[in-house]
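**Q** One structure, as structure tokens, below. Some questions next.
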Amino acid sequence: MITTAARALLLLALLASAASAQEPPPRQYDLSPQRRQPPSGLGGIIVGWAGLGLGAASFAVMPVCSASFYPEAARTECIVGQAIVGGGALVASAIGFIVGYPRRAKYREWRASQQSARTGFSVTSGPAGAGLSYRLVF
């Protein structure tokens with residue numbers, strides 16, 4: 001017959017083994033000087049310029065809606081539609097520029113710091129064998 005103390009020890013052993021099985025592996029720290037790459041910001045800049053072009057084109061075409069050859073019944077709808085499309089494109093353009101250019105500046109700063117981190121000695125290997133190389137970036 002199993003005593004209460006033996007049951008308690010068995011329960012503790014089971015809990016300890018279950019807890020050790022669920023522990024995550026130990027963390028490995030990256031001690032290299034490289035930081036994680038930030039977003040480049042090109043997406044926002046591209047959206048900004050595309051929106052600016054679409055908005056400018058929409059407002060440039062707006063006088064066609066008032067031309068004499070355009071149907072009288074559809075002039076108001078045409079002008080309102082062109083204003084909505086042009087205004088929306090300009091808003092998207094402004095958001096793209098506001099988001100894209102600061103991200104691009106951070107990316108360029110990160111890229112410059114990575115270039116300087118790559119200067120120095122490194123171990124290389126190739127078809128001829130392994131070697132030691134020195135890299136200097138200007």
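**Q** Which ones in region 116-132 are surrounded by fewer than 10 Cβ atoms within 10 Å (Cβ to Cβ) and at pLDDT below 75?
**A** Those that are surrounded by fewer than 10 Cβ atoms within 10 Å (Cβ to Cβ) and at pLDDT below 75: Phe121, Val123.
**Q** Name the residues in region 40-81 that are within 30 Å of Tyr107 (Cβ to Cβ) and without any contact (Cβ under 8 Å) to a residue 40 or more places away in the chain, would you?
**A** Once the filter is applied, which keeps residues that are within 30 Å of Tyr107 (Cβ to Cβ) and without any contact (Cβ under 8 Å) to a residue 40 or more places away in the chain, region 40-81 yields Gly53, Leu54, Gly55, Ala56, Ala57.
**Q** Please state which of the following conditions Ser93 fails to meet, knowing it meets all the rest: (1) loosely packed, with under 13 Cβ neighbours inside 10 Å; (2) farther than 13 Å from Pro38 by Cα.
**A** Failed condition: (1).
**Q** Does Ile84 count as assigned to a helix (DSSP H, G or I) and in contact (Cβ under 8 Å) with a residue 40 or more places away in the chain?
**A** no
**Q** Quick one: would you say Ser113 is within 32 Å of the chain's Cα centre (by Cα), polar (S, T, N, Q), modelled with pLDDT of 70 or more and part of a helix (DSSP H, G or I)? Spell out how you get there, then give the answer.
**A** Details: within 32 Å of the chain's Cα centre (by Cα): yes; polar (S, T, N, Q): yes; modelled with pLDDT of 70 or more: yes; part of a helix (DSSP H, G or I): yes.
Yes, satisfied.
**Q** Take the conditions surrounded by fewer than 14 Cβ atoms within 10 Å (Cβ to Cβ) and on the phi < 0 side of the Ramachandran plot and apply them to Val80. Does it pass?
**A** yes
**Q** Is it the case that some residue within region 91-104 is assigned to a helix (DSSP H, G or I) and more than 24 Å from Leu54 (Cα to Cα)?
**A** No: zero hits.
**Q** Here's a check for you: in region 45-72, which residue that is of a type outside the set (A, V, I, L, M, F, W, C) and assigned to a helix (DSSP H, G or I) is surrounded by the fewest Cβ atoms within 10 Å (Cβ to Cβ)?
**A** Taking the candidates together, the pick is Glu72.
The values are calculated or read from the model by the stated rules, or taken from the named source; none is laboratory data. These numbers come from a predicted model, not from an experiment. FYI the Cβ positions are ideal-geometry reconstructions off the backbone, even for glycines, and counts take in every protein chain you see.
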